[in-house]
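Just below is one structure, and these are the notes that go with it.
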Amino acid sequence: MRIQDTIRRSGRSLRSAKLRTVLTSLAIAVGGFTLTITLAAGNGIREYTDRLVTSNFDSSELIVGRDKEVSNTGAPSTEPKEYDESVTSMAIGGDGSSLQIKQVTPEDITELKSLPYIEEVRENYQLAARYITREGQKRFTLSATAYNPAQKPELAAGTLPKTGDIADNQVMLPEGYVKALGFKSDKDALGKKISINIQKPFVDGGGEQVLAAIRNGVDPRTLQPESQMRTFTIAAITKKAATSINFGTLPVLVSTNDAKQMYDYTTEGTPSYDKYTYVYVRVKDGEKQASIDAAQADLKAKKYFTMSSKEIQQSITQIVNILQALVGVFGLITVIASVFGIVNTQYISVLERIREIGLMKALGMRKRDLRRLFMLEAGWIGFLGGAIGSAGALLVGIPLNPWITKKLDLGEGNSLLIFRPSQIAALIVGLMIVAILAGYLPARKAAKMDPIEALRTE
Amino acid sequence: MIEVANITKTYGKKDSAFTALDDISLSIKDGATVAIIGKSGSGKSTLMHIMSGLDTPSDGHVTVDGTVLQQMKPKQIDAFRAEQMSFIFQAFFVEGNQTCYQNVMLPLEIAEVRGRDRKQRVMDALAAVDLSEKANSRARNLSGGQKQRLAIARAIVNRPKLIFADEPTGNLDSATGDKIIDLLFSINKTLGSTLVIVTHDDELAARCKIQVRLKDGKIDSLVTKPTRKTVARAKK
Ligand SMILES: Nc1ncnc2c1ncn2[C@@H]1O[C@H](COP(=O)(O)OP(=O)(O)O)[C@@H](O)[C@H]1O
Ligand SMILES: [Mg+2]
């Protein structure tokens with residue numbers, strides 16, 4: 001029998017047992033649904049993280065540090081790090097563990113700047129400001145950092161500088177502070193002044209200040225380190241971008257100059273003074289992956305730890321892949337379970353159609369053709385299941401998409417579920433192949449059947 | 001030309017062995033009509049199955065146009081049956097869920113007949129059994145006689161050299177049965193197909209050129225009616 005005739009005939013016999021066919025294919029449909037959603041969610045998340053990374057990290061820049069932790073993304077390292085006497089900066093990790101971070105020194109920065117393939121080195125100022133306030137208003141905590149032109153924030157009011165840094169003594173204020181600091185609206189806040197308080201660390205190497213206090217009859221416990229109030233003009237109001245990588249409050253953005261002054265002020269006298277956990281390095285011809293790779297290799301040889309935006313992306317993608325695989329396994333289990341349904345249904349179908357099989361054999365139908373006929377029937381069930389499952393996924397997913405986007409706060413233009421026709425087609429073909437394989441045993445039974453037994457009517 | 005040479009069919013082993021056919025030999029010329037007669041259980045169907053290559057004999061062989069069926073590969077026998085033989089059964093074996101057209105198309109599909117004239121051949125076969133207007137009706141809605149006519153259309157669509165009919169009127173009333181038999185004989189004339197009919201009906205058997213009577217697996221009597229030519233020659 002020719003293949004097109006076989007396909008037509010197999011489809012026809014399924015149509016004559018509609019209910020059974022549909023019920024059997026529903027089992028596969030569940031698997032098809034799960035897998036379609038999983039694939040779509042994988043696409044969505046990957047695309048979202050892509051955008052997240054490309055809009056937060058300049059692909060021609062590298063993060064460069066002296067400590068292994070710098071290039072350690074994703075899961076924390078399991079190996080304990082040996083204590084290093086020469087490393088002075090000590091921090092307490094979020095989980096209470098001690099972190100010893102070897103910092104980038106001014107000598108390192110000089111070295112980096114001298115490298116031919118490095119165009120620019122930008123320090124990363126992690127500013128420890130105390131509070132932000134305004135005349136007659138309450139004081140609020142904040143995080144502050146230098147404005148990075150490569151990482152353009154989304155604005156609620158005001159404008160971004162066309163090129164380069166924002167002017168000194170200007171800030172970009174996150175939306176949340178507008179009402180808190182008593183402005184009427186975002187527009188109203190523009191051009192107004194706010195103050196940020198920073199504090200010098202308490203450094204009293206020789207104990208001079210404590211001794212002086214005791215001599216003057218002052219309780220040394222009340223000694224306060226020097227602090228400073230800096231006043232800024234509001235240049236713009238920032239809002240949370242769809243692709244913002246900040247999970248907490250948005251930072252107050254200041255110019256690089258201001259950030260440096262504030263950083264120096266807050267670290268003066270401490271081991272962190274003029275040292276940085278990591279710096280941003282712009283690589284020459286960094287749009288080319290080859291330049292980035294070469295730079296990373298060379299920096300590695302010079303005992304720096306680096307991370308490219310591609311690596312950041314990969315580390316996020318890896319987590320996404322693991323999650324996707326986990327959900328995918330559920331879908332696969334459903335598909336495997338449905339295989340038994342197909343085998344069962346097809347066995348019943350073969351037993352019910354002993355006469356028909358006998359007749360076809362008597363008329364000279366070859367074993368191979370009979371086997372193919374029944375395997376294709378199973379294939380149709382797989383096709384139907386795949387089609388129902390992915391159609392269901394589309395019907396549920398497409399209307400739900402805007403709602404999910406809103407709930408997860410993904411921001412306009414981002415969808416969690418991205419359906420790709422090619423993937424859905426491949427999935428349906430895959431399910432058909434699984435179903436065809438599942439149909440093999442019943443089909444073999446049909447092909448092996450003795451026509452004489454089947455045709456006896458007594 | 002079909003030659004059946006010393007066919008024996010035994011079921012079971014040693015002690016419980018049962019001989020369904022015992023040393024059957026006969027020779028059938030192309031275009032002949034053959035009746036295989038005998039009581040139920042006498043081995044009629046078994047003989048027919050062996051002659052068509054569906055069943056294998058325990059001993060002996062069947063030669064069709066010089067080819068020994070028992071020496072053919074299964075694939076070749078299948079092709080042989082698909083192209084040169086067809087069957088009509090007591091219980092019709094038409095597919096109720098399919099239309100008459102689809103039922104008749106089956107042998108052409110199995111024989112991998114190509115081309116546009118497939119459709120015409122199906123319609124011609126349906127016309128030959130007077131079922132043209134039922135082409136698109138489901139076979140389950142037909143009466144018994146119509147079903148058997150449909151089975152005949154399916155049997156002749158391939159223009160086979162050999163038609164086997166196993167008690168084709170067994171499930172029909174006598175009036176309908178007679179029409180079916182008339183139809184089979186007219187096909188034998190128009191297509192020239194050899195017709196092998198298994199039956200208990202002596203009247204029907206009498207119309208056939210060769211009458212093989214089986215009893216307990218043995219040939220009880222083998223009658224070959226003289227042709228008109230031989231009759232004429234004998235009279236001279
Ligand atoms: N597979 C089998 N095993 C054992 N005995 C069988 C088998 N098939 C047929 N027979 C026996 O062979 C004999 C001939 O059967 P069959 O050719 O069907 O007779 P008929 O068609 O003349 O009624 C019967 O007695 C039947 O019981
Ligand atoms: Mg019989």
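If you go through segment A:196-216 one residue at a time, how many are part of a loop (DSSP other than H, G, I, E, B) and either outside the structural domain of A:Y131 (by TED's automatic domain parsing) or open to solvent by 70 Å² or more (accessible area, probe 1.4 Å) (or both)? Residues meeting the conditions: 3. Of all the residues in segment B:192-205, those that are within 18 Å of B:V157 (Cα to Cα) and either more than 14 Å from the chain's Cα centre (by Cα) or surrounded by 21 or more Cβ atoms within 10 Å (Cβ to Cβ) (or both) number 4.
Are any of the residues in segment B:47-55 open to solvent by 40 Å² or more (accessible area, probe 1.4 Å) and within 12 Å of ligand 1 (Cβ to nearest atom)? No, segment B:47-55 contains no residue that is open to solvent by 40 Å² or more (accessible area, probe 1.4 Å) and within 12 Å of ligand 1 (Cβ to nearest atom). When A:L395, A:L431, A:L400, A:L408 are screened for being in the same structural domain as A:Q324 (by TED's automatic domain parsing) and touching a residue at least 24 places away in the same chain (Cβ under 8 Å), only A:L431 passes. In segment B:34-46, of all residues being of a type in the set (V, I, T) and more than 9 Å from ligand 2 (Cβ to nearest atom), the one that is surrounded by the most Cβ atoms within 10 Å (Cβ to Cβ) corresponds to B:I36. For segment A:278-307, a tally of residues being in a loop (DSSP other than H, G, I, E, B) and buried (at least 20 other Cβ atoms within 10 Å of the Cβ) returns 2. Selection of segment A:438-458 for residues being free of Cβ contacts under 8 Å to residues at least 24 places away in the same chain and not acidic (D, E) yields A:R456, A:T457.
Taking each residue of segment B:175-197 that is under 21 Å from B:G38 (Cα atoms) and looking for partners that are among the acidic types (D, E) and assigned to a helix (DSSP H, G or I) with beta-carbon atoms closer than 9 Å, six or more apart or interchain, yields nothing.
Taking segment A:183-230 as the range and being in contact with a strand residue (DSSP E or B) (Cβ under 9 Å, 6 or more places away or on another chain) and among the β-branched types (V, I, T) as the test, the residues that pass are A:I194, A:I196, A:I198. Among the candidates B:D130, B:D117, the residue that is without any contact (Cβ under 8 Å) to a residue 12 or more places away in the chain and either open to solvent by less than 30 Å² (accessible area, probe 1.4 Å) or more than 10 Å from every other protein chain (Cβ to nearest Cβ) (or both) is uniquely B:D117. Specify the residue that is nearest to the other protein chains (Cβ to nearest Cβ); the eligible residues are those in segment B:11-33 that are surrounded by fewer than 16 Cβ atoms within 10 Å (Cβ to Cβ) and closer than 24 Å to A:K448 by Cα. The extreme case among them is B:Y11.
Among the residues of segment B:206-224, those identified as within 15 Å of ligand 2 (Cβ to nearest atom) and surrounded by 19 or more Cβ atoms within 10 Å (Cβ to Cβ) are B:V212, B:R213, B:L214, B:G217. Evaluating A:L417 against the criteria (1) in a helix (DSSP H, G or I); (2) over 23 Å from A:V339 (Cα atoms); (3) away from ligand 2 (no atom under 16 Å from the Cβ) leaves one unmet condition, (1). Residues that are of a type outside the set (K, R) and assigned to a helix (DSSP H, G or I) within segment B:32-51 comprise B:S45, B:T46, B:L47, B:M48, B:H49, B:I50, B:M51, listed in sequence order. B:I88 meets all of the listed conditions (1) within 13 Å of chain A (Cβ to nearest Cβ); (2) in contact (Cβ under 8 Å) with a residue 40 or more places away in the chain; (3) in a helix (DSSP H, G or I) but one, namely (3).
Taking every residue in segment A:163-179 that is open to solvent by less than 20 Å² (accessible area, probe 1.4 Å) and pairing it with any residue that is not aliphatic (A, V, I, L, M), at least 6 positions away or on another chain, the pairs with Cβ-Cβ distances below 6 Å are A:I166/A:Y147; A:I166/A:S255; A:V171/A:F232; A:M172/A:T238; A:P174/A:T238; A:V178/A:D186.
The values are calculated or read from the model by the stated rules, or taken from the named source; none is laboratory data. Since the structure is predicted, the reported quantities are computational estimates derived from the model, not experimental observations. With ideal geometry, Cβ positions are generated from the backbone for all residues, glycine too; neighbour counts draw on all protein chains shown. To get the accessible areas, we keep the full protein, side chains included, count just its heavy atoms, and leave off ligands, DNA and RNA. Shrake-Rupley method; radii C 1.70, N 1.55, O 1.52, S 1.80 Å.
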